[in-house]
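**Student:** Before we start, here is the structure in question, set down as structure tokens.
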Amino acid sequence: MRPVSSPVLELDGVTAGYGRAPVLVDLSLRLAAGELTAVVGPNGAGKTTLVRLALGLLRPQRGTVRLFGTDVTRFRDWSRVGYVPQRAETSSTLPMSVDEVVRSGLAGQLRGLRRLTSHHRERVEHVLDVMDLQAVRRQRVTTLSGGQQQRALIARALVTSPGLLFLDEPTTGIDASAKVALREALEHLVGVEGISVVYISHDPEGAAGLAARTLEVRDGVVREVRPSALSGL
Amino acid sequence: MQRALVAVTVIAAVAGVGLALLTGVEPVLGALALTVVAALALARMSGRQGGDLPLALLFYGGIAAGFLLTARAGGGQTAVLGLLFGSPFNLSWRQVGVVVVLAGLVVLVVAAVYRQLVAMAFDEPSARVAGIPTSGLSLALTVLVALVVVAGMSTVGLLLISALLVVPVAAAAQLAGSYRATLAIASATGAVSALVGLSASYYADLAPGAAVVVTAIGLYALAGLAAGVRGRLAVRP
């Protein structure tokens, strides 16, 4: 794979999995700052394992994982990393407004009785603007459409001004117009705000035209491919 | 998991009081200690073994231990029934003081970790990635539930305190548009249930704990009705 400068994420000789059978084998990878990297592959290929490794939720059996140059086991500045799950684990009956969901992204920074600063409030307003959520900010998040819920999750991940954003299957369950809105938002995040985005999807078309690099995960091996070379995922 | 936690905490409190009676410790402390131990055991056992088996083991084990220990300590059926159904009109000022202190402690802890609780309630993996110590927070939540159960033990009783943990929140969730509003409406529902239930109990000679819970369920039904009416009005052009 081609070398990149100022990597936001590095994996060196990583083997990882659950139990004895490794899901990813001897993986080395570097992701550059300010790029969108698509990670594609069929379900069960190891994409989620890759994300869990990068987020420190899974320890590698061999090798090292570094975020912004720091070993992930010693990494503490989690406000620099945003994570958007495929679907939040929230109950459909949990009454939480869009505003509260977005502000909950600041919970890692605001311990104890510390209040939101003016900077935090400005940031909340900014991400609600960027994600086009101002009109629904007082509504319960579970009453929104799939696309709006997805944007609320992204807004929450963006509220700490991360340098690296992970999107896990962002187009699952959303309609065509929501996909277009998501695409425009990603163009803004990468092109204007300079955020590095890791876009994980089983659908190779999702990030076509946006991704600076496309990595295919298949049978525990990751290789860089041209989107046109992908088929049968 | 949270529902299992409430059930196990309630039953562990019975065993805790039995243990306290046997050893001469303050019943509130015995109940608090065993509820925390049981909740931690549930979390550990559930991690290793899925399904309802950990819940069943702790639930029935707690009931059995509670009755064995209470009987061994010389507490008769009256003592056990007092724990199960409470006796709010016979509280000493010392017991009232304990309830007030525990309630204050719960409010303080919730205020201190409010944002982290909201983040964890919404999505635990994301909260973990955001640097929130979710394991520690779960432990804090466990201790909070234990505190509430212990505080409610001498008022509505162990059997009905779990209803008061669930019903006011369920009522509030039908009306509130946010987590903060849910907390406020649930607290108000709990307070109104207690006030109306105890008044009815005093003047109509009803079982106090049962009257409080029946009032709470009545408020839940009213909240459902109000939410239904609001929904119909909202869709009308």
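Computed from the coordinates by the stated procedures, all read-outs in this text should not be read as laboratory data. Quantities reported herein were computed from a predicted structural model and do not represent experimental measurements. Here the Cβ is made from the backbone with ideal geometry for all residues, glycine too, and neighbour counts use every protein chain on show.
**Student:** Over chain A, what is the relative contact order in percent, taking alpha-carbon pairs closer than 8 angstrom and at least six residues apart?
**Tutor:** Numbers: 430 pairs, mean separation 69.2, N = 233.
That works out to 30 percent.
**Student:** Also: Could you grab the Rg to Rh ratio for region B:1-155? Cα atoms only, Kirkwood for Rh. Please list the in-between numbers first.
**Tutor:** Values: Rg = 16.5 Å, Rh = 16.3 Å.
My calculation puts Rg/Rh at 1.01.
**Student:** Now, a different point. So which helices of chain B fit the span-like rule, where a helix is a whole DSSP H run, its Cα atoms reach 24 Å or more along the axis, and its mean Kyte-Doolittle is at least -0.5?
**Tutor:** B:2-23, B:27-48, B:53-72, B:93-112, B:134-153, B:158-175, B:179-204, B:208-235
**Student:** State the percent of C-alpha pairs, over all pairs in chain A, separated by a distance greater than 29 angstrom.
**Tutor:** 27
**Student:** Of the peptides B:60-70, B:25-35, how do they stack up when ordered by the mean number of other Cβ atoms within 10 Å, highest first?
**Tutor:** In descending order of packing, they fall as B:25-35, B:60-70.
**Student:** If you count the DSSP beta bridges with both ends in the protein assembly as shown, what percent of them are antiparallel, to the nearest 5?
**Tutor:** Rounded to the nearest five, the antiparallel share is 55 percent.
**Student:** Membrane-span-like helices in chain A: DSSP H runs reaching 20 Å or more (Cα, own axis), mean Kyte hydropathy at least -1.0?
**Tutor:** Numbers: long enough: A:176-191 (22 Å, 0.45).
Qualifying helices: A:176-191.
**Student:** Can I ask one more? Taking square-rooted eigenvalues a ≥ b ≥ c of the alpha carbon gyration tensor, is region B:85-237 rounded, prolate or oblate, where a/c under 1.5 means rounded and, failing that, a/b exceeding b/c means prolate?
**Tutor:** It comes out oblate by the Cα gyration axes.
**Student:** Before anything else, pin down the relative contact order of region B:106-237: Cα pairs under 8 Å, at least 6 apart, normalised by residue count, whole percent.
**Tutor:** Relative contact order of region B:106-237: 20 percent.
**Student:** Could you list A:47, A:179 in order of exposure, starting from the residue whose Cβ has the fewest other Cβ atoms within 10 Å?
**Tutor:** A:179, A:47
**Student:** A follow-up question, please. For n ≥ 4 DSSP H runs only, could you compute -39500 (n - 2.57) per run for chain B, divide by its residues and tell me the 222 nm figure to the nearest 500?
**Tutor:** Working: 11 runs with 200 residues, N = 237.
Result for chain B, helices only: -28500 deg cm²/dmol.
**Student:** Please state, as a whole number in µm²/s, the translational diffusion coefficient that the Stokes-Einstein equation yields for region B:157-231 at 10 °C and 1.306 mPa s, with Rh defined as the Kirkwood radius across alpha carbon pairs.
**Tutor:** Taking Rh from Cα pairs, D becomes 128 µm²/s.
**Student:** Which residues in region B:165-185 place their backbone N less than 20 Å from a point set 7 Å from the Cα of residue B:233 along the Cα-to-Cβ direction?
**Tutor:** Flagged as within label range: B:171-178, B:181-182, B:185.
**Student:** Please report A:167, A:94, A:128 as a ranked list, fewest other C-beta atoms within 10 angstrom at the top and most at the bottom.
**Tutor:** A:94, A:128, A:167
**Student:** Using the count of nearby Cβ atoms within 10 Å as a rough guide to exposure, how do A:64, B:215 rank from fewest to most?
**Tutor:** Values: A:64 13, B:215 22.
Lowest to highest Cβ neighbour count: A:64, B:215.
**Student:** Cα-based Rg of region A:1-131 per 2.2 N^0.38 Å, rounded to two decimals?
**Tutor:** Compactness ratio reported: 1.24.
**Student:** Would you work out if region A:64-180 is rounded, prolate or oblate? Take a ≥ b ≥ c from the square roots of the eigenvalues of the alpha-carbon gyration tensor; rounded if a/c is under 1.5, else prolate when a/b is larger than b/c, oblate otherwise. Kindly include the intermediate steps, with their values, before the conclusion.
**Tutor:** Working: a/c = 1.83, a/b = 1.28, b/c = 1.43.
Note, shape of region A:64-180 comes out oblate.
**Student:** Partner chain Cβ atoms within 10 Å, averaged over the residues of A:94-106 - can you pull that number for me? Mind dumping the intermediate values first?
**Tutor:** On the way: counts 6, 14, 9, 6, 2, 3, 10, 6, 0, 3, 14, 6, 3.
Mean shielding count: 6.
**Student:** Take the alpha carbon gyration tensor of region B:106-174, find the square roots of its eigenvalues, order them as a ≥ b ≥ c, and report rounded if a/c is under 1.5; if not, report prolate when a/b exceeds b/c, else oblate.
**Tutor:** prolate
**Student:** When N is the residue count of region A:89-136, what does its C-alpha Rg come to as a fraction of 2.2 N^0.38 Å?
**Tutor:** Normalised by 2.2 N^0.38 Å, the Cα Rg of region A:89-136 equals 1.24.
**Student:** Work out the mean other chain Cβ neighbour count within 10 Å for the residues of B:130-137 and drop it here as an integer.
**Tutor:** So the per-residue partner count for this stretch is 4.
**Student:** Hey, another quick one. Report the antiparallel proportion of the DSSP beta bridges in chain A as a percent, rounded to a multiple of 5.
**Tutor:** 55
**Student:** Now, a different point. Report relative contact order for chain B in percent, whole number only (criteria: Cα-Cα under 8 Å, sequence separation at least 6).
**Tutor:** Relative contact order for chain B comes out at 20 percent.
**Student:** Under the √(5λ) rule applied to the eigenvalues of the Cα gyration tensor, what semi-axes describe the equivalent ellipsoid of region A:160-233? Give them in Å, descending.
**Tutor:** 21, 16, 11
**Student:** Related question: Determine which residues of region B:174-212 fall in the zone a paramagnetic label at residue B:85 would reach in this model, i.e. backbone nitrogen under 12 Å from the point 7 Å along Cα→Cβ.
**Tutor:** B:206-211
**Student:** Please give the per residue volume of the convex hull enclosing the alpha carbon atoms of the protein assembly as shown, rounded to a whole number of Å³.
**Tutor:** For the protein assembly as shown, the hull spanned by Cα atoms encloses 169 Å³ per residue.
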